[in-house]
Amino acid sequence: MSAWKLGEVTVDRLGFGAMRITANPDRSVAHAVLRRAVELGVNHIDTAAFYGSGKRFANDLIRAALAPYPDELVIATKVGPGTDPERGFYNATTAAELREQVETNLRQLDVDCLDVVNLRIPGAGSVTERFEWLVALRDEGLIKQLGVSNVRIEQLREALAIAPVVCVQNSYAIDRRGSEDEIIRYCAERGIAYVPFGSIADGTESAAVEAIAAAHDATPQQVRIAWTLHRSPNILAIPGTGSVRHLEENVAAGALSLSADELATLN
């Protein structure tokens, strides 16, 4: 499996997205998935304080399963969206709200400093004020590196004018690309990691993906992961699952090689 720089650290290009580990009420299943991921060499986990509900939150599961954390493990989290007992789901609009979200991540993960924090942008508009608030928290020593999520290219440029951006996390898949290829190229030229979410389909699969999966004795999900990694060397895939078996299949997809003809068909 190849690697890419996530700012100041190098990670394997196939990581793990933690959103789905909260679905099973049996916490031991989530613990087993997380520990197996690390055993298989995953050293980049994507999470957020708002992943989960009730008494099952992804960060708590990560802490319980993996702390004290391996030195090589990078845990990236995100802020912007949050949950509140009174308001429910909300998007942070003040510096105080962003600080509270950062501090919640610190507390849940039981760390003094967050490896990477992505600012998720809810839509169009300027990112300057919110990104500057995160830069201030970075300067306080609460965050090591910054990224952005759900951004357009002009918003990425705006953030880069303020401080280094180590990753961009946007929605991207074989059948959902939009203008993302332009952002991927822009990031690759600047050494910025592109971290797509939503690359694995939930539901009916295309005939092309099914056929290529059958030719490789693989699953459609494995083909989608392999295609994602083939798109550009700066892409860090973060497929998520709540199953050890599916985790092992996802990690194995890092070794799946697609031919030029197969890639052309998928493209």
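The values are calculated or read from the model by the stated rules, or taken from the named source; none is laboratory data. It should be emphasised that the depicted structure is a prediction, and the values quoted were computed from it without experimental measurement. Methodologically, a virtual Cβ is constructed for each residue, glycine included, from the backbone with ideal geometry; neighbour enumeration extends over all protein chains shown.
Give me a count of the residues in segment 122-150 that are of a type in the set (A, V, I, L, M) and either in contact with a Pro (Cβ under 8 Å, 6 or more places away or on another chain) or at pLDDT below 95 (or both).
Initially, segment 122-150 is screened for residues of a type in the set (A, V, I, L, M), giving 124, 127, 134-137, 142-143, 146, 148.
With the extra rule that they be either in contact with a Pro (Cβ under 8 Å, 6 or more places away or on another chain) or at pLDDT below 95 (or both), the set shrinks to 124, 146.
The total comes to 2.
Could you please give the count of residues in segment 28-62 that are touching a strand residue (DSSP E or B) at 6+ places or on another chain (Cβ under 7 Å) and surrounded by fewer than 18 Cβ atoms within 10 Å (Cβ to Cβ)?
1
Which ranges mark the helices (runs of 4 or more DSSP H) fully within segment 151-267 that have 2 or more residues being among the aliphatic types (A, V, I, L, M) and at pLDDT below 95?
Details: elements: 153-160, 180-189, 207-215, 220-231, 244-252, 260-266.
Of the helices (runs of 4 or more DSSP H) lying wholly inside segment 151-267, those with at least 2 residues that are among the aliphatic types (A, V, I, L, M) and at pLDDT below 95 span 207-215.
Among what's in segment 11-39 and is small (G, A, S) and more than 19 Å from N170 (Cα to Cα), pick the residue that is modelled with the lowest pLDDT. Talk me through it step by step, then tell me what you get.
Start the filter on segment 11-39 by keeping residues that are small (G, A, S), which leaves 15, 17-18, 23, 28, 30, 32, 37.
Checking which are more than 19 Å from N170 (Cα to Cα) leaves us with 23, 28, 30, 32, 37.
Numbers: A23: 91, S28: 96, A30: 96, A32: 98, A37: 98.
Checking each candidate, the answer is A23.
In segment 233-267, which residue that is over 29 Å from A58 (Cα atoms) and among the hydroxyl-bearing types (S, T, Y) is nearest to the chain's Cα centre (by Cα)? If you could, list the steps in order and put the result at the bottom.
Of all residues in segment 233-267, those over 29 Å from A58 (Cα atoms) come to 257-267.
With among the hydroxyl-bearing types (S, T, Y) added as a condition, the list becomes 257, 259, 265.
On the way: S257: 23, S259: 27, T265: 27 Å.
The qualifying residue nearest to the chain's Cα centre (by Cα) is S257.
Do we have T47 as within 15 Å of L109 (Cβ to Cβ) and modelled with pLDDT under 95 here?
Working: within 15 Å of L109 (Cβ to Cβ): yes; modelled with pLDDT under 95: no.
No, not satisfied.
Taking N118 as the residue in question, decide whether it is in contact (Cβ under 8 Å) with a residue 40 or more places away in the chain and in a helix (DSSP H, G or I).
Values: in contact (Cβ under 8 Å) with a residue 40 or more places away in the chain: yes; in a helix (DSSP H, G or I): no.
No: the conditions fail for N118.
Looking at S243, is it surrounded by fewer than 19 Cβ atoms within 10 Å (Cβ to Cβ), among the polar types (S, T, N, Q) and within 19 Å of G7 (Cβ to Cβ)? Walk me through how you get there before you give the answer.
On the way: surrounded by fewer than 19 Cβ atoms within 10 Å (Cβ to Cβ): yes; among the polar types (S, T, N, Q): yes; within 19 Å of G7 (Cβ to Cβ): no.
Against the criterion (surrounded by fewer than 19 Cβ atoms within 10 Å (Cβ to Cβ), among the polar types (S, T, N, Q) and within 19 Å of G7 (Cβ to Cβ)), S243 does not qualify.
Checking F89 against (1) over 23 Å from L160 (Cβ atoms); (2) crowded, with 16+ Cβ neighbours inside 10 Å: exactly one of these is not met. Which one?
Condition (2) is where F89 drops out.
Just name the residue that is farthest from P233 (Cα to Cα) out of those in segment 1-27 that are surrounded by fewer than 18 Cβ atoms within 10 Å (Cβ to Cβ) and of a type in the set (G, A, S).
Among those residues, the one meeting the criterion is A23.
Please state which one of A95, A124, A65 is touching a residue at least 24 places away in the same chain (Cβ under 8 Å), crowded, with 18+ Cβ neighbours inside 10 Å and either farther than 22 Å from V195 by Cα or small (G, A, S) (or both). Give the steps one after another, and end with the answer.
Working: A95 fails: crowded, with 18+ Cβ neighbours inside 10 Å; A124 fails: crowded, with 18+ Cβ neighbours inside 10 Å.
Of A95, A124, A65, the one residue that is touching a residue at least 24 places away in the same chain (Cβ under 8 Å), crowded, with 18+ Cβ neighbours inside 10 Å and either farther than 22 Å from V195 by Cα or small (G, A, S) (or both) is A65.
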